[in-house]
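Scroll down for the structure; my scribbles are underneath it.
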4 protein chains.
Amino acid sequence: MLSETITLRAPTPSDRGAWNALWTAYLDYYETVLPKAAHDTAFEQLLSSDPATFNGRIAWKDAVPVGLVHWVHHPHMWRPEGTCYLQDLFTVPSVRGQGVGRSLIEVVYADADARGAPSVYWLTQEFNYAGRMLYDRIGERTPFIRYNRPARTDRLQ
Amino acid sequence: MLSETITLRAPTPSDRGAWNALWTAYLDYYETVLPKAAHDTAFEQLLSSDPATFNGRIAWKDAVPVGLVHWVHHPHMWRPEGTCYLQDLFTVPSVRGQGVGRSLIEVVYADADARGAPSVYWLTQEFNYAGRMLYDRIGERTPFIRYNRPARTDRLQ
Amino acid sequence: MLSETITLRAPTPSDRGAWNALWTAYLDYYETVLPKAAHDTAFEQLLSSDPATFNGRIAWKDAVPVGLVHWVHHPHMWRPEGTCYLQDLFTVPSVRGQGVGRSLIEVVYADADARGAPSVYWLTQEFNYAGRMLYDRIGERTPFIRYNRPARTDRLQ
Amino acid sequence: MLSETITLRAPTPSDRGAWNALWTAYLDYYETVLPKAAHDTAFEQLLSSDPATFNGRIAWKDAVPVGLVHWVHHPHMWRPEGTCYLQDLFTVPSVRGQGVGRSLIEVVYADADARGAPSVYWLTQEFNYAGRMLYDRIGERTPFIRYNRPARTDRLQ
């Protein structure tokens, strides 16, 4: 369904600027700013061939970066083959509704299948209405909600 | 606060029977039955010294196993140090309200601190009222909800 | 903000056909079909001058009915002046995003003020994303969820 | 199931002190204090024979007031016979788990049946775990959530 002008590619070192622009826009949505060192470490994970670190794809419309997805495989006690956590998904507003988000998720599904660990999950804010319109079509809502350790109990934070 | 008769210990090979009884009771709560091979792999992870696999503790009341917790560290794109996913927590009904669950969570917090990756999260069903009474005291509810890849899209399932 | 071509009017007997079309489309969203007698009673409430029955407005774009709202005042134990329940809100897809829904809600707010009972509430499905995009701007989400008596305990149903 | 020592009675004028103590304890749960005039008007509704105002019951354990329920019938556009809103339910901590709450709800169900308007609904905070343990047994959770008009838009408040 994707327009022929949209391509999805794993990031390479020369994509650092493009990735950084998308990543910053995504973090803006969560009103989050990360130090440069965190950007460095995140991008290194995407370039790494270590199967335990994050994978990613950048969506390009012709020469313009328009979306990203990041995912990681981790062990799971219920599933000997492990599971896949799709942590970050973003598309720029100008391409929304064109199937870019869906295609990025489908890359993750395909990678999970290729690893023999097909279960994939992600978390989203209950009030992320635009995202959930897509997720309800391509995923299944569960009754699980997330709790965090309170920051005040972290000795290091 | 814990009674002196409660002790928390990492599982050893001789704890397989005790762990299995707790794990099966926990899975019952989720109306889940796993094949023996999945139990085997799960228990091997708990015994492994590989920092990328699951860790666990069993709570004992004198010689009786009364609770368990499992957690795993995994990479996180926002946090160069990674994060900690507390996947499974269980206490037998006869000890509820005695601080066993809280103590099991605090072991995870301490391990996260020791690794220099203090953030910890877990997922629970919205209607797990008894669990949430504890989690609201020791954690922070977030607005994040979980979506799963639908089983029908898994080629392997 | 409303286009000059949008007008909001209380229903009159000659509006029965227009109202019925909107009401049926609204009920379709909830996959609900009501018998004709229920339509009759509902419309009679809108025409009634009894302050204890429902009030309504129909939104017109030129001569085309494009939206409706229904509300009722009822006693409230915490508020001697009572409260206002906005039960039904609907706009046809072709006018969405043009401020019709907001204007219909504002009529209810104004009526509540005029009665000296300014509190207004409404209920919506958690997954009514399009509606909630509006409601988050013009209302406040509360942590209250609705429970119903199960149909099986109704002697009459 | 109710102990023979529990009785449910409609309030009479001489019950004002008993009702007031329960009502104040209930409002405390919501961190709410109401002026005396609001208590007066609320209690008058309970004594009134007007079918459009609130009804109530007080639960007594021997001579001690241990619970209350308030409900009101109001019109409903989908149901010609109207509906019943169970607004307030409270039991004192010392009797919880003894069936008092359930019995108070069942009085409302019976009154709804007697009026020929058997549908009953109520709202509760998502995190009212103790209440929901009961409501899940005697009611059905719906996906409806409540929105309020923001206080800042009330001209009178």
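The values are calculated or read from the model by the stated rules, or taken from the named source; none is laboratory data. Keep in mind it's a predicted model, so treat the numbers as computed, not measured. Every residue, glycine among them, receives a Cβ derived from its backbone with ideal geometry; neighbour counts consider all protein chains shown. All accessible areas refer to the heavy atoms of the entire protein, side chains included, with ligands and DNA or RNA removed. Shrake-Rupley method; radii C 1.70, N 1.55, O 1.52, S 1.80 Å.
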With C:LEU27 itself left out, Lys, Arg at +1 and Asp, Glu at -1 over residues whose Cβ is under 14 Å from its Cβ give -1
Charge sum, other residues only, whose C-beta stays under 10 Å from A:HIS70's C-beta, Lys/Arg counted +1 and Asp/Glu -1: 0
What order do B:ASP88, D:ASP111 take when sorted by accessible area (1.4 Å probe), most exposed first? D:ASP111, B:ASP88
Bin width 20 Å, origin at 0, all Cα-Cα pairs of the protein assembly as shown: what percent of pairs per bin? 16, 41, 35, 8, 0
Provide an ascending nm list, one decimal, of label-point separations from D:ALA114 to the equivalent residue in each further copy; define each label point as 7 Å from Cα along Cα→Cβ. 3.8, 6.5, 7.0
Alpha-carbon centroid distance for the pair region A:17-37 / region A:100-157, whole angstrom: 19 Å
Projected area averaged over all directions for the convex hull of the alpha carbon atoms of chain C, nm², comes out at 10.8 nm²
Relative contact order in percent for region C:48-157 (Cα pairs under 8 Å, 6+ apart) equals 18 percent
Here the correct list, in nm and shortest first, of distances from C:GLU81 to the same site in the other copies, label points 7 Å along Cα→Cβ, is 3.5, 5.3, 6.2
Within 10 Å of each Cβ in C:112-119, how many Cβ atoms from other chains are there, averaged over the peptide? 4
Which residue is it, in chain A, whose C-beta lies closest to the A-to-B rotation axis, and what is that distance in whole Å? A:HIS74, 2
Accessible area that becomes buried as D packs against C, both chains, 1.4 Å probe, Å², nearest 100: 6000 Å²
So if R0 is 35 Å, what FRET efficiency would A:PHE127 and D:ALA110 give, r being the distance between their Cβ atoms, rounded to the nearest 0.05? 0.35
Quick one: if you stick a label point 7 Å off each Cα along the C-beta vector at A:THR142 and C:ALA10, how many nm between them? 5.3 nm
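With the full set of protein chains in place, find how many percent of the accessible area of region A:25-90 is carbon and sulfur; take the probe as 1.4 Å.
The computed percentage sits at 56.
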Distances in nm between the label point of C:ALA10 (7 Å along Cα→Cβ) and its equivalents in the other copies, shortest first, are 3.4, 6.9, 7.6
Cut-off 10 angstrom, C-alpha nodes, Gaussian network model of chain D. Which of D:PHE127, D:PHE43, D:PHE54 fluctuates the most? D:PHE127
For C:VAL33 and B:ASN20, what does the FRET efficiency come to when R0 = 56 Å and r is the distance between their Cβ atoms, rounded to the nearest 0.05? 0.60
Grab the other residues whose beta carbon is less than 13 angstrom from that of A:VAL95, score K and R as +1, D and E as -1, and report the net. +2
Top of A:ARG79, A:ARG141, A:ARG57 by mean-square fluctuation, Gaussian network on chain A, Cα under 10 Å: A:ARG79
Using a 10 angstrom cutoff on alpha carbons, build the Gaussian network for chain C and name the most mobile of C:GLU126, C:GLU81, C:GLU44. C:GLU126
Averaged over residues of B:80-86, the number of beta carbons from other chains lying within 10 Å of each residue's Cβ is 4
Partner shielding of A:133-145, as the mean number of partner chain Cβ atoms within 10 Å, equals 6
Over chain D, give the accessible area per residue in Å² for a 1.4 Å probe, as an integer. 45 Å²
Nearby aspartates and glutamates by direct alpha-carbon distance to A:LYS61 (threshold 15 angstrom, same-chain neighbours under 8 apart not counted): A:GLU4, A:ASP15
